[in-house]
Each structure stands twice: as C-alpha cells, then as structure tokens.
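Structure first, then comments.
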Amino acid sequence: MTEEARPLAESTLKGCAANVGALIGVDLEVGPVDIATDTELPDAELAVLPLSVELDNQPLCEVAVWSPLAEIAMLARRLLDDGEPDKVRPINDDEVDAIGEVLNLMSGAVDQALRECVNSSLRTRPAQWWRTDEVNGRALPAGEYLRAHAQIAIPGAGSVGLYFRISPKLFSKGRETRTKHRLGRVLLLGLEDELRSSLAKILAEAQVVVDSAEPDDETVSELLSATEAIFLSGDREGAYELLRRLRLANESWDIPSIL
C-alpha cells in the first residue's frame, strides 16, 4: 500500500508547498517524499490539522497534515511580512492566527490531491487545527496509518518538515464507488476581453461550463459556490492580493484549482 499511496502523498505535499509559496511570494522547494507505516504522532510540539474525508456526502475516514510548530511558524511570519521570520522565539497570537491561514491553504491542496489521485467524488472538510502542547482532549483516530513526510526548503533560509497522515480506508473504500462524471464548471475572473473570449471558446469545446465575472460583481459569491476552478490573470494589478482573498474567503478557500 505504501507505493499505492505515493502519487497521493507527493501530490499533496507538493500542492501544500505551492499553495503557501504563492501567497508568501516564495518558491518553496519540496524534498524527497518518505512514506512509512506508523501508529502515533511524534513526541514533539506540532501544529495538526485534521480533515474529514467524505464520499457522496457520507463520512469515509480522517486524514491530517502536521508540522513542527516552530518550523511552520517561519512560514506564518512570512505571511505577516515579519522582518525576522526565522528567529526562534515564542509564538504570539498574530502568529497563531497566521499558522491557521497557512494550514488552511494546505487543506485546499489535500482536497485537490484526493480528487485527482483517489476519487473525483471525494470531498474534505477541515476541522479546527490544534497544537500537541495544548491538546485539550483532542487526538487523531487510533490505529495504523501511512505517514508521508518531506522537507520543504525555504530558499536562503531553513526548511519546514511537513507530514501527511493517510488512512488505509482511502484505498480500501475510497475507490469502491465512483459517482457519475460531472462536466466541469470554471469561473473566468477579471480577465481581459480577448483572453476571456479565447479561453471560453476552448473550454466550451471541451464541454466545460464557463462563467465570467469581475471580482467585485454582486454575483461572484454565488458563482464561487458552484465553480470547480478559477482562472485569473497574472498580469492584472493586485493579482496576488486577489489570490490571497480567494484562498482565505469562506466561499472559495476549498476550490481545488486557481490558475
């Protein structure tokens, strides 16, 4: 099962790095992915994000991502534009909130990887993240699981250890039932007329439903709730701020792909 899980593990960890790197403006480099069987969390101070996995709106299992608290804080401080993000020090309240934002970005990568590598009908529902040094009765499900791990290198700085807990149920049950394939639906957001027309024609020929809007249109919230991908223009002024807004907004954080 270890090798069966490798595509999912690599896609997840690389997606987590890409989602966070895009928002903090850093090209995070993902090292080799190690996969092993485990039963317990490491005995260390960790930031843990559990995610419930659902198939056809029914709970299937739970997965999780986690990282050493002091290491993920380096990413969180870059999100806050801290002048000394790698300085070891106590984590303050603003940094705790920023760690939650970083994990939120990673949850989108988990969702996308599960759909692409296991079953397109799977959906994830992230729970509140927690710290192992402040457990308050919280714990991950007991039992054997697959633990994927990679070091995420920050250019010119240190690295962040990132772990992905994979439930064996994903492969024993997650592939048993596949719902009828649905045509995709994408949103062209804030694109110039020429680019929008060109993309709309190509997507329509591929039988993809295409919506188009400007970021401040009144209809955007409704369109975001129905779309499966968003196309933005990197040449647009404020593109990264728009990307950040979409990744953190309640109605769009879990959209698998923003291109």
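The values are calculated or read from the model by the stated rules, or taken from the named source; none is laboratory data. Here the structure is a predicted model, which is why all the values come from computation and not from measurement. Glycine gets a Cβ as well: all are built from the backbone with ideal geometry, and neighbour counts include every protein chain shown. Accessible surface areas use protein heavy atoms only, side chains included; no ligands, DNA or RNA. Shrake-Rupley method; radii C 1.70, N 1.55, O 1.52, S 1.80 Å.
Among the residues of region 98-114, is any free of Cβ contacts under 8 Å to residues at least 60 places away in the same chain, within 16 Å of LEU13 (Cα to Cα) and not in a strand (DSSP E or B)? There is at least one residue in region 98-114 that is free of Cβ contacts under 8 Å to residues at least 60 places away in the same chain, within 16 Å of LEU13 (Cα to Cα) and not in a strand (DSSP E or B). Taking (1) closer than 20 Å to ALA157 by Cβ; (2) surrounded by 22 or more Cβ atoms within 10 Å (Cβ to Cβ); (3) modelled with pLDDT under 95 in turn, ALA73 satisfies each apart from (3). Across region 126-169, which residue is least open to solvent (accessible area, probe 1.4 Å) among those that are in a loop (DSSP other than H, G, I, E, B) and closer than 17 Å to LEU75 by Cα? Per the criteria, the residue is ILE154. Taking VAL209, is it touching a Lys or Arg at 6+ places or on another chain (Cβ under 6 Å), modelled with pLDDT under 85 and surrounded by 12 or more Cβ atoms within 10 Å (Cβ to Cβ)? For VAL209, the condition - touching a Lys or Arg at 6+ places or on another chain (Cβ under 6 Å), modelled with pLDDT under 85 and surrounded by 12 or more Cβ atoms within 10 Å (Cβ to Cβ) - is met. Could we say that GLU54 is in contact (Cβ under 8 Å) with a residue 60 or more places away in the chain and open to solvent by 10 Å² or more (accessible area, probe 1.4 Å) here? Spelling it out, GLU54 is indeed in contact (Cβ under 8 Å) with a residue 60 or more places away in the chain and open to solvent by 10 Å² or more (accessible area, probe 1.4 Å).
Only helices (runs of 4 or more DSSP H) whose full extent lies in region 183-256 are considered here, and the ones with at least 2 residues that are under 28 Å from ARG125 (Cα atoms) are 220-226, 239-248. Screening GLU45, GLU10, GLU29, GLU62 for residues that are surrounded by fewer than 16 Cβ atoms within 10 Å (Cβ to Cβ) and farther than 22 Å from ASP94 by Cβ leaves exactly one candidate, GLU29. If I ask for residues that are farther than 29 Å from LEU242 by Cβ and touching a Ser or Thr at 6+ places or on another chain (Cβ under 9 Å), which ones from region 10-32 would you list? Selection gives GLY31 alone.
Scanning region 25-75 for residues that are within 23 Å of ASN136 (Cα to Cα) and not in a strand (DSSP E or B) yields THR39, GLU40, LEU41, PRO42, ASP43, ALA44, GLU45, LEU69, ALA70, GLU71, ILE72, ALA73. Residue count for region 236-259, restricted to those that are free of Cβ contacts under 8 Å to residues at least 24 places away in the same chain and over 21 Å from ASP81 (Cβ atoms): 1.
Among ARG244, ARG196, ARG185, which is open to solvent by 40 Å² or more (accessible area, probe 1.4 Å), basic (Lys, Arg) and closer than 21 Å to LYS14 by Cα? Before you say what the answer is, go through the steps one by one.
Values: ARG196 fails: closer than 21 Å to LYS14 by Cα; ARG185 fails: closer than 21 Å to LYS14 by Cα.
Just one listed residue meets the conditions, ARG244.
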